[in-house]
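The values are calculated or read from the model by the stated rules, or taken from the named source; none is laboratory data. As the structure is a prediction and not an experimental result, all values here were calculated from the model. Backbone-built Cβ (ideal geometry, glycine too); neighbour counts: all protein chains shown. Surface areas here come from the heavy atoms of the whole protein model, side chains and all, with no ligands, DNA or RNA. Shrake-Rupley method; radii C 1.70, N 1.55, O 1.52, S 1.80 Å.
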Amino acid sequence: MLRGSTGLVHCAQPLCNDIPMGGMGRLDVGYRAGFYSLWLTVDGGGGRLDLPSFEDEDGLVTGIRGGLTFFQAGVGVALHPVDLGRVDPHVGVAFGYSRVEQRFRSDQRNFQLRYQRGAVMPSMGIDVYVARRVAIGPRADVVVPFGGSQCLRQGSTEECLNTVDIVDADDAAIARARRRTFPRPWSASVQVTLYLL
């Protein structure tokens, strides 16, 4: 089984607010046996950041350029409740690695904020067979990260913190609010599946 997807990616957290929506692509390689399928997956995407110019303390006008990128990889399993027929709905979950990276560059400095975390990635979709071994349909995915680190790089200096240490607080409400600021990407895509066997 070989699957390719293309679509839109975003997240609702503050880190992602600088782009209205980004593009994404995904490749899955796996095997389907009846009601179940197993696959290896890799996907990535992002968007360009064009922020307004600003005037620094010396009166120099500086333009800021940058980008926001998403990358996920893992292994997944899906349930296909309809084994026969033209319509093939499916729900699945993958486990793996997630990286979200925000980069800014100006004439004076470079800035990079990166989240590297483990992830649970639920998905769902509906494929329609357009030929005996070819199906196409919509798919939705969510990335739910856990653990990992947040790294801040300015110029040649980089500092990384464990996300558990960032969230740590005596007040549960404060800890929950901090945890909710971490990016959780989602994507909506069109998927094409090719069954090779």
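Numbers at a glance
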item: Options A175, A140, A119; residue that is surrounded by 12 or more Cβ atoms within 10 Å (Cβ to Cβ), touching a helix residue (DSSP H, G or I) at 6+ places or on another chain (Cβ under 6 Å) and free of Cβ contacts under 8 Å to residues at least 60 places away in the same chain; result: A175
item: Members of the stretch 6-22 that are open to solvent by 20 Å² or more (accessible area, probe 1.4 Å), polar (S, T, N, Q) and modelled with pLDDT under 95; result: N17
item: Unmet criterion (only one of (1) farther than 18 Å from P89 by Cβ; (2) under 20 Å from the mean Cα position of the chain (by Cα)) for L196; result: (2)
item: Checking L196 against (1) in contact with a Lys or Arg (Cβ under 9 Å, 6 or more places away or on another chain); (2) loosely packed, with under 14 Cβ neighbours inside 10 Å; (3) under 21 Å from A119 (Cβ atoms), the condition it does not meet; result: (3)
item: Filter pass, D127 being open to solvent by less than 30 Å² (accessible area, probe 1.4 Å) and out of contact with any Phe, Trp or Tyr (no Cβ under 9 Å at 6 or more places or on another chain); result: yes
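So that you can scan it fast, the table gives a plain yes or no per residue for (1) out of contact with any Pro (no Cβ under 8 Å at 6 or more places or on another chain); (2) at pLDDT 90 or above; (3) part of a strand (DSSP E or B):
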site	(1), (2), (3)
G4	yes, yes, yes
M24	yes, yes, yes
W39	yes, yes, yes
V42	yes, yes, yes
D58	yes, no, no
A78	yes, yes, yes
P81	no, yes, no
